[in-house]
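> Let me give you the structure first, and then I'll get to my questions.
The values are calculated or read from the model by the stated rules, or taken from the named source; none is laboratory data. Remember, it's a predicted structure, so these values are computed and weren't measured experimentally. We place every Cβ from the backbone using ideal geometry, glycine too, and count neighbours over all the protein chains shown. Keep in mind that these areas ignore ligands, DNA and RNA; they rest on the heavy atoms of the full protein, side chains included. Shrake-Rupley method; radii C 1.70, N 1.55, O 1.52, S 1.80 Å.
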Amino acid sequence: METITFKIDGRNCTAEKGQNLIEAAKQNGIFIPTLCHFKHLNPLGSCRVCTVKNNGHTIAGCIVKVAEGMNIEVNTPELLDARKAILEMMFVEGNHFCPSCEKSGDCDMQNLAYETGIRYTRFPHLFVDRIVDAHPKRIAVNQNRCIKCQRCIEEVNTNDGYKVFQLTEKGNKTQVSIDYEQEAKLSAAEAEHAMHICPTGSILVKGKTFSKPFGDRAFDYKLGRKDISLNDIKKHTTTKGSKKRIATTSLAGCFGCHMSLLDIDLGLLDVIELVDIHKSPLTDIKKFTERCDIGLIEGGCCNTDNVEVLREFRKNCDILISVGECAIWGGLPAMRNTVPLEACLSEAYLNSMTSEEGETIIPNHEDIPKILNNVYANHDVVKIDYHIPGCPPNANHIWNVVKHILFEEEYTIAYSEFKYD
Ligand code: SF4
Ligand code: SF4
């Protein structure tokens, strides 16, 4: 065994010559994130999340074998942004509705999104309509969440050496398919192993989903956060002048974000002392009569009325904040973007379990706002200044963001507050 020295971000490291860079970095206390690389598997280089620079050349870190004198860059601003962009592409390329996903809290990809601070994606969501294959004996595969990392293909074999998963089709139609005959040979433990190695919620074991309660899931943990005290703010208000004004609205959302606002509980007394709440479902003030400092928008745009209200908020508020996933990218209502509007309305009004038998009418009156072809993120319609992620964002988070913006204090968002479940 030959020991070599090399550098990662300027730091001297040692490793065995020819060792995989991800493992070598780990031994030297440096974390290079990856979604496809998995312990003993041959490097796949398929997800590109581990993108690094090797002597100035951009390359997937998992396919690099370390050698004497190498100069590796991992955490430069350029590479951090590239890594984030790659993850964002994965999110928009599939359908990742975390709050309704069985793997939420145990999902490597979701966790990496938290780690890299993704609050919204810079690319438009594709809202693809792929198969959820529940035909196999023990496993169900949701193609909408698959990132084609190929871990399952490499790792999951039957005792007699046959592969259970394989890639079929080509280009952007590529998908992971299951060999039903081989899958039926897997034991319960082997099926669970397949679910575990999948870095997303694509592979699920029937009857084993949601098996862990909140708090016990792989990525449940909390960090402390420095708060801004009421006294600090009061000092600010006395030196900076009068009460601020806030307006809120709910577009295509479930009112969960407003419920979260009410969860501020006793903090609401502070809110009322520091700000006036103007147009809002909380005050039932229906029209803007004064200009507001901040507009909080829950929900995205699914109909013409939502667009009109959103534009009115943009016109009347200095700062506009999208609150929660539906406002940021469409959220759960955007699940309908995967099917044509006509099919969606038929399903809702004519063929649902609660439709009258023989129902033929889809509501359509001039007084009813017209439904848009898709559900849109608010920043697709007007300029949005800030995004508060979460589904819903927690109460203190919303209030902390608002008060720090209003009173021009710096605010660091804690990891634990980015939750989509
Ligand atoms: S928990 Fe993971 S797999 Fe599930 S929707 Fe979120 S990112 Fe996708
Ligand atoms: S099913 Fe899971 S493990 Fe298999 S390729 Fe897709 S994301 Fe990777």
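> Within region 134-153, take every residue that is part of a loop (DSSP other than H, G, I, E, B) and more than 12 Å from ligand 1 (Cβ to nearest atom) and give me the one that is least open to solvent (accessible area, probe 1.4 Å).
The residue in question is P136.
> Would a scan of region 203-211 turn up a residue that is modelled with pLDDT under 70, assigned to a loop (DSSP other than H, G, I, E, B) and within 16 Å of ligand 1 (Cβ to nearest atom)?
Yes, region 203-211 contains at least one residue that is modelled with pLDDT under 70, assigned to a loop (DSSP other than H, G, I, E, B) and within 16 Å of ligand 1 (Cβ to nearest atom).
> Would you be able to tell me the number of residues in region 95-107 that are over 12 Å from K212 (Cβ atoms), more than 6 Å from ligand 1 (Cβ to nearest atom) and surrounded by fewer than 21 Cβ atoms within 10 Å (Cβ to Cβ)?
2
> Out of everything in region 110-133 that is farther than 24 Å from V339 by Cβ and within 13 Å of ligand 1 (Cβ to nearest atom), what residue ends up being surrounded by the most Cβ atoms within 10 Å (Cβ to Cβ)?
Q110
> Among the residues of region 13-31 satisfying the criterion of being free of Cβ contacts under 8 Å to residues at least 24 places away in the same chain and assigned to a loop (DSSP other than H, G, I, E, B), which is nearest to L112 (Cα to Cα)?
Taking the candidates together, the pick is F31.
Yes/no matrix, rows are residues, columns are (1) open to solvent by 20 Å² or more (accessible area, probe 1.4 Å); (2) closer than 14 Å to G299 by Cβ; (3) at pLDDT 85 or above:
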| position | (1), (2), (3) |
| --- | --- |
| I388 | no, yes, yes |
| A395 | no, no, no |
| K403 | no, no, no |
| E408 | yes, no, no |
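> Can I ask one more? Could you grab the pairs with beta carbons closer than 8 Å, sequence gap of 6+ or different chains, first residue in region 56-70 and touching a residue at least 60 places away in the same chain (Cβ under 8 Å), second one of a type in the set (S, T, N, Q)?
These pairs meet every condition: V66/Q19; V66/N20; E68/T5; G69/T5; M70/N54; M70/N55.
This table checks each residue for (1) on the phi < 0 side of the Ramachandran plot; (2) open to solvent by less than 60 Å² (accessible area, probe 1.4 Å); (3) more than 16 Å from ligand 1 (Cβ to nearest atom); (4) among the hydrophobic types (A, V, I, L, M, F, W, C).
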{"site": "T5", "(1), (2), (3), (4)": "yes, no, yes, no"}
{"site": "G10", "(1), (2), (3), (4)": "no, yes, yes, no"}
{"site": "I30", "(1), (2), (3), (4)": "yes, yes, yes, yes"}
{"site": "S46", "(1), (2), (3), (4)": "yes, yes, yes, no"}
{"site": "A67", "(1), (2), (3), (4)": "yes, yes, yes, yes"}
{"site": "N71", "(1), (2), (3), (4)": "yes, no, yes, no"}
